[in-house]
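Data block below; observations after.
The values are calculated or read from the model by the stated rules, or taken from the named source; none is laboratory data. The structure presented is a predicted model; accordingly, all values stated were derived computationally and were not measured. All Cβ positions, even for glycine, are placed from backbone atoms using ideal geometry, and neighbour counts span all protein chains on display. These accessible areas exclude ligands, DNA and RNA; they are computed on the full protein's heavy atoms, side chains included. Shrake-Rupley method; radii C 1.70, N 1.55, O 1.52, S 1.80 Å.
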Amino acid sequence: MVAPAPRAEPPPAAPPPEGPPLHPEALARFVDPLPIPRTLASEGARPDPSDASKRIPVYKVAMSEVVAKIHRDVPATRFWGYAGSFPGPTIEARTGQGVLVEWVNQLPARHFLPIDHTLCGAGKDRPDVRAVTHVHGAKASPENDGYPEDWTTPGRSSLFHYPNQQEAAGLWYHDHAMGIERLNQYAGLLGVYLIRDAAEDALDLPRAPYELPLVLCDRLFGQDGQLRYSTSGAPDAPWISEIYCDAHLVNGKLYPYLDVEPRQYRFRVVNASNSRFYDLSLSNGGTFHQIGTDQGLLPAPVALTTLTLAPAERADLLVDFGAARGQKILLKSQSFELMQFRVGTTTGARATKLPTKLRPVRKIPESAAVETRTLTLNEYHDPQAHRMLMLLNARRWHEPVTEKPELDSVEIWKLMNLTEDSHPIHLHLVRFQILDRQLFDADEYNTSGKLELVRAPMPPAPNEAGWKDTVRVDPGTITRIIVKFEGYTGRYVWHCHLLEHAANEMMRPFEVVARPGT
Ligand code: C2O
Ligand code: CU
């Protein structure tokens, strides 16, 4: 058994692999236009697996090595991308209209980032290059969800069916291959997946070119322009507990600019970093509005001047540049400058107004829950591996499934954080609501096992009071979520979305089971 330890020490600084590191702060800023990922076109139609009388669009997306410029003055970078780009193309779908996607693994036979073969599922007996795509936030059957062990090797492909039987929302797709997902995503295997519906159409929100995705992620580069991934310094066990990088990419560019008209824009923001939390604000201190969370529209716009987004969280934002004619405004995260908006003086189309109401979010009453589970988030020192081990409910990946909600039942999950880090916890398949966050004395609990609550529970902030699929569980809190397990029976995963944590082994299966008698 492993003994509880207070906190992961920051990993020892690794020797640079080769050559000097890139110092992004020394580069000229705002010299490259913001790339807008293209919308993926379908390759025709095929019979709908859930209704053979219908035909639905089929998309083909190859994963392959791509070469792209992150900045005018930096040599081109090798990434791994979907359909030839990083981020991958945007997939647009509509509620109730299913799509098929053939994810084709055309990656090279060797990985270019440091695999840790001591991690669960990444043993030397496995091929180095493995990939499986998960659409984060999709309600898909287990065979189509991208289970971490359902990876394929180069030369193979998987045809996945996404029925899109869910409300309009900004989802994203990314790699999920067991033991190496952090490397595959870091290499560039990620993109945006938007679902739209009639309720959203009725709102008169900005549309393309006034609606666009902003995919944020941080990376490390060498002066040669190539990606670097930090290591522990131990050649056989390079895993590190978190990676924080100094180059912040927006849609794959470093310090891009975007020419905007003095009008309202809609930004579909994704935090696609492995470990980094973003605290977004505008350099003029301006107010912007959040209209949607991970899983769709909020009841009403929420005015913000800063927005925290944990890895994998999304925000649907309205930013009005109408009062900023001729100005240059930066999008920042704390002191980091992410990108620049150059506000023009004329508008090409009728401006949209801030809606007052969006979509009602009916609260799931706590009385609907048939089960309440207390699930701890843990950090241990693993004496065998001489490093930290992160777990959910003190269980390892391969232990038998312990969370078996019944189909269509409602449960409350009390996520009790015994560590000193904030962990974004994601459940596949479902959407949920945050009930509250309750502070407790984690030191007391870790030493004596006594639960001492501190102060009253805090309700979610207004911009979190919608449908979520990823929730920030702060240190010393019990964060309660309420979930209806709808859609499918079968095996899914829930995990921390700090990808280094998920890899070691802050990820567990859960299984939705049929109701007895059905
Ligand atoms: Cu963003 Cu398990 O996924
Ligand atoms: Cu974590």
Between ARG94 and residues 5 or more places away or on another chain, the pairs with built amide H atoms under 5 Å apart involve ARG196
Phi angles of region 415-420, converted by Karplus (6.51 cos²θ - 1.76 cosθ + 1.60, θ = phi - 60°) into ³J(HN,Hα) in whole Hz with x for Gly and Pro, give 8, 9, 8, 9, 10, 9
Amide H proximity to GLN264 below 5 Å, modelled H, separation 5+ or other chain, gives PHE321, THR352
Of the candidates VAL454, LEU499, MET416, the farthest towards the positive dipole end of the chain (Lys/Arg Cβ +1, Asp/Glu Cβ -1, centred on the Cα centre) is LEU499
With VAL401 itself left out, Lys, Arg at +1 and Asp, Glu at -1 over residues whose Cβ is under 15 Å from its Cβ give -2
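Is the C-alpha gyration tensor of region 293-424 telling us rounded, prolate or oblate? Criteria: a/c under 1.5 is rounded; beyond that, a/b larger than b/c is prolate, otherwise oblate.
In terms of gyration-tensor shape, oblate.
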Counting only DSSP beta bridges with both partners in the chain, the antiparallel fraction in percent, to the nearest 5, comes to 75
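Below 8 Å, C-alpha to C-alpha, sequence gap of six or more: please give me the relative contact order for region 28-199 in percent.
Relative contact order for region 28-199 comes out at 24 percent.
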The percentage of the accessible area of the chain (probe 1.4 Å, all protein chains present) made up of carbon and sulfur atoms, to the nearest whole number, is 51
The aspartates and glutamates whose Cα lies under 16 Å from the Cα of LYS450, excluding any fewer than 8 residues away in the same chain, are ASP441
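Okay, helix-only estimate at 222 nm for the chain: each DSSP H run of n ≥ 4 adds -39500 (n - 2.57), divide by all residues, round to 500 deg cm²/dmol; what do you get?
-1000 deg cm²/dmol
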Going through LYS54/LYS139; LYS353/LYS468; LYS332/LYS357 one by one, the pairs whose alpha carbons sit over 24 Å apart turn out to be LYS353/LYS468; LYS332/LYS357
Karplus-derived 3J(HN,Hα) from phi for region 459-471 (6.51 cos²θ - 1.76 cosθ + 1.60, θ = phi - 60°), whole Hz, x at Gly and Pro, runs x, x, 4, x, 7, 10, 8, x, 7, 10, 10, 9, 10
For LYS328, the aspartates and glutamates lying under 16 Å Cα to Cα, once residues fewer than eight places off in the same chain are dropped, come out as ASP32, ASP259, GLU261, ASP320, GLU337
Region 366-512 accessible area per residue, 1.4 Å probe, protein heavy atoms, integer Å², reads 36
In debye to the nearest 20, the charge dipole size for the chain, taken about the Cα centre with +1 at each Lys and Arg Cβ and -1 at each Asp and Glu Cβ, equals 1340
Protection proxy (average C-beta count within 10 Å per residue), highest first, orders 232-243, 465-476 as 465-476, 232-243
Amide H neighbours of GLN340 at under 5 Å, excluding residues fewer than 5 places away on the same chain, with H built from the backbone geometry, are TYR257, LEU258, LEU331
Among region 324-362, those whose backbone N falls under 20 Å of a label point 7 Å along Cα→Cβ from ASP73 are 330-331, 336-341
Expressed as a whole-number percentage, the relative contact order of region 222-355 with C-alpha contacts under 8 angstrom and at least six residues apart is 30
Residue-ordered couplings for region 507-512, obtained by feeding phi - 60° into the Karplus form 6.51 cos²θ - 1.76 cosθ + 1.60 and rounding to whole Hz (Gly and Pro as x), are 8, 9, x, 9, 10, 7
Restricting to aspartates and glutamates and to Cα separations under 15 Å from LYS404, and discarding same-chain partners fewer than 8 apart, the set is GLU371, GLU486, GLU511
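In Å², and per residue, what accessible area does region 28-199 have when probed at 1.4 Å with the other protein chains present?
Dividing the accessible area of region 28-199 by its residue count gives 36 Å².
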Expressed as a whole-number percentage, the relative contact order of the chain with C-alpha contacts under 8 angstrom and at least six residues apart is 15
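Per residue, how much accessible surface does region 215-306 expose to a 1.4 Å probe? Answer in Å², no decimals.
About 25 Å² of surface per residue is accessible.
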